[in-house]
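To start, the structure under review is shown below, and the notes come after it.
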Amino acid sequence: MRVLKARAEAEIEVRKSRFIAIAVPITDLSQIKGLVAQARLDHPGANHVVHAAVVGPDGQQLSYSDDKEPRNTAGRPAVEVLKGSGITDILVLIIRYFGGTLLGTGGLVKAYGDSVKEVLKTASTEELIAKHSFSLTIPYNLYDLTKIALDDVEASIEDESFTTAVTIAGSLPAANAPSLQQRVSDLSGGSVTVIFTDG
């Protein structure tokens, strides 16, 4: 499975109707309601805000809605494209501005499915891997060497605080945790321990 790295947007036009597809990374289905509400605020003139979402390490949690389009013509085809993409932890909002021409059920199914395909073309994804959060506190003289070690183990740094010592917090692939622990221990002569939590 892959996960979405960042928000992506694409637009298609079908017989004068505009379909704006926005892909957003999410980690829980409970986030959807707020994002749909925000999309309605951002697009007050839109006729429909359809959503489709796939969440979970195996992509088994699904959510979709037709938002007043005929039943199973919008959310379902959109979620089917997502399921087939191998991407999880993703929400796609499809905002439709009606262009005056009815598309019929087949046309709607194709338009909503194509909207998702279009946004996935521009979406940036990465392999879904188990990650650990970490924090460590080091003396200033080890800062540069520790940063090199963190870079080597593909760590993402989320926070640094500089007080009497430097505290660094972030996350890294779980498989690289033992290597980081060893590097930091070697650098500090065993005086610094990395604290890991599942993240």
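The values are calculated or read from the model by the stated rules, or taken from the named source; none is laboratory data. The model shown is predicted, which means the values in this text are computed figures rather than measured ones. All Cβ positions, even for glycine, are placed from backbone atoms using ideal geometry, and neighbour counts span all protein chains on display.
Being in contact (Cβ under 8 Å) with a residue 12 or more places away in the chain, outside the structural domain of residue 19 (by TED's automatic domain parsing) and closer than 27 Å to residue 9 by Cα is a property that residue 135 lacks. The residues of segment 1-35 that are of a type in the set (A, V, I, L, M, F, W, C), over 22 Å from residue 103 (Cβ atoms) and surrounded by 15 or more Cβ atoms within 10 Å (Cβ to Cβ), listed by number, are 1, 3, 4, 8, 23, 24, 26, 29, 32, 35. Among the residues in segment 139-149, are any of a type outside the set (D, E, K, R), under 27 Å from residue 54 (Cβ atoms), in contact with a helix residue (DSSP H, G or I) (Cβ under 8 Å, 6 or more places away or on another chain) and not in a strand (DSSP E or B)? No, segment 139-149 contains no residue that is of a type outside the set (D, E, K, R), under 27 Å from residue 54 (Cβ atoms), in contact with a helix residue (DSSP H, G or I) (Cβ under 8 Å, 6 or more places away or on another chain) and not in a strand (DSSP E or B). Selection of segment 56-80 for residues being under 19 Å from the mean Cα position of the chain (by Cα), crowded, with 22+ Cβ neighbours inside 10 Å and not small (Gly, Ala, Ser) yields 64, 79. For segment 30-41, check the following and say yes or no: at least one residue is of a type in the set (Ser, Thr, Tyr), within 15 Å of the chain's Cα centre (by Cα) and either in a strand (DSSP E or B) or more than 20 Å from residue 81 (Cβ to Cβ) (or both). So far as segment 30-41 goes, yes, one or more of its residues are of a type in the set (Ser, Thr, Tyr), within 15 Å of the chain's Cα centre (by Cα) and either in a strand (DSSP E or B) or more than 20 Å from residue 81 (Cβ to Cβ) (or both).
Take the conditions (1) touching a Gly at 6+ places or on another chain (Cβ under 6 Å); (2) farther than 19 Å from residue 114 by Cβ; residue 52 misses just one of them, which is (2).
All conditions but one from (1) assigned to a helix (DSSP H, G or I); (2) free of Cβ contacts under 8 Å to residues at least 24 places away in the same chain; (3) surrounded by 12 or more Cβ atoms within 10 Å (Cβ to Cβ) apply to residue 160; the one that does not is (1). Within segment 169-186, the residues that satisfy the criterion of being part of a helix (DSSP H, G or I) and either buried (at least 17 other Cβ atoms within 10 Å of the Cβ) or outside the structural domain of residue 139 (by TED's automatic domain parsing) (or both) are 176, 177, 180, 181, 183, 184.
The residues listed here are 80, 69; of these, the one that is in contact with a helix residue (DSSP H, G or I) (Cβ under 9 Å, 6 or more places away or on another chain), in a loop (DSSP other than H, G, I, E, B) and modelled with pLDDT of 95 or more is 69.
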